[in-house]
1. Just give me the residues in region 98-118 being surrounded by fewer than 16 Cβ atoms within 10 Å (Cβ to Cβ) and without any contact (Cβ under 8 Å) to a residue 40 or more places away in the chain, in sequence order.
2. Can you tell me which residues in region 177-187 are loosely packed, with under 13 Cβ neighbours inside 10 Å and touching a residue at least 24 places away in the same chain (Cβ under 8 Å)?
3. For region 85-96, name all the residues that are surrounded by 22 or more Cβ atoms within 10 Å (Cβ to Cβ) and among the aliphatic types (A, V, I, L, M).
4. Name the residue that is surrounded by the fewest Cβ atoms within 10 Å (Cβ to Cβ), counting only residues in region 123-176 that are assigned to a helix (DSSP H, G or I) and charged (D, E, K, R).
Amino acid sequence: MTDCARVTDADASALPFLKNCSYYWTDPQLSETISVSIDILPLHKIKNALPFRRQASNVEDVIAKIPVFESLKPKELRQVASIVHRRNYKAGETIVCQNDPGLGMYVIESGDVDVLLEENGSTKQLVALHEGDFFGEIALLDESPRSATVVAHTEAALIGFFRPDLFDIIEKSPAAGLKIVLGLAQLLGERLRNSNLEISKLRAQLADLQK
C-alpha cells in the first residue's frame, strides 16, 4: 500500500511551504525556485540568498505546451506562471492520494511519476507519466475525490495549478480565465469522444463474438 499520509494536495496548495527542513520559495520575477536549509539561513533572508538559487527552467515554456493553457497570450502565460506552485519530490514520495479531495492539476516539469489504483488491498499501476505530461485537471472544475494515487518514480519537479489560482485568474483577467476554462472543456470533450469511440469498438467486437 502507498503511504498516503505523508504528502497530500494541501501541502502543495499554498506557498511558502516547508519540506524536509528546507524552505521553497518561488520568485515570480525571476521564475525560479529557491531552496534554503532552515538550519543554514533564517527565513527572512531567503530573498537575498542568491548563492542558494538554482537555475530553473522557464515555467511559461512548460505550461504553454499544455492544452489547457496553449491558447493564452504571452502576457497571460506570464500571469499564470507568476502564481503556480513549484515543488520537488523525492523518488517514492506521494504527490496525490486516491480518494483525497482534488484541488487542482499538476504538470511534470522533470522526472517520472506512476499513477496507481488501490483496490481490495492491492495496488495496480495504471500508467507512467513523464516530463511534459499532466494530471488532475478535472479537479479544477470540481472537488471530486482523486481517482488514483500518484507517486514520484524518480526525483521529480512538478508545477501545481489549483482551483484558487484559477479563481484568481478569472477575477483579475476574465479573458484569460475564460480561455483556461474553454481549454479544459475542449480537453474533456476530446477525451469523452475518444471514450465513446472505444466503447463503440468494444460493442462491435462483442457483437461479432456473439454471432
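A short reminder: the numbers here are calculations on the coordinates, not readings from a lab. It should be emphasised that the depicted structure is a prediction, and the values quoted were computed from it without experimental measurement. Cβ sites come from the backbone with ideal geometry, for glycine too, and all protein chains shown count toward neighbours.
1. Leu117
2. Across region 177-187, the qualifying residue is only Leu182.
3. Of everything in region 85-96, those that are surrounded by 22 or more Cβ atoms within 10 Å (Cβ to Cβ) and among the aliphatic types (A, V, I, L, M) turn out to be Ile95, Val96.
4. Here the answer is Glu171.
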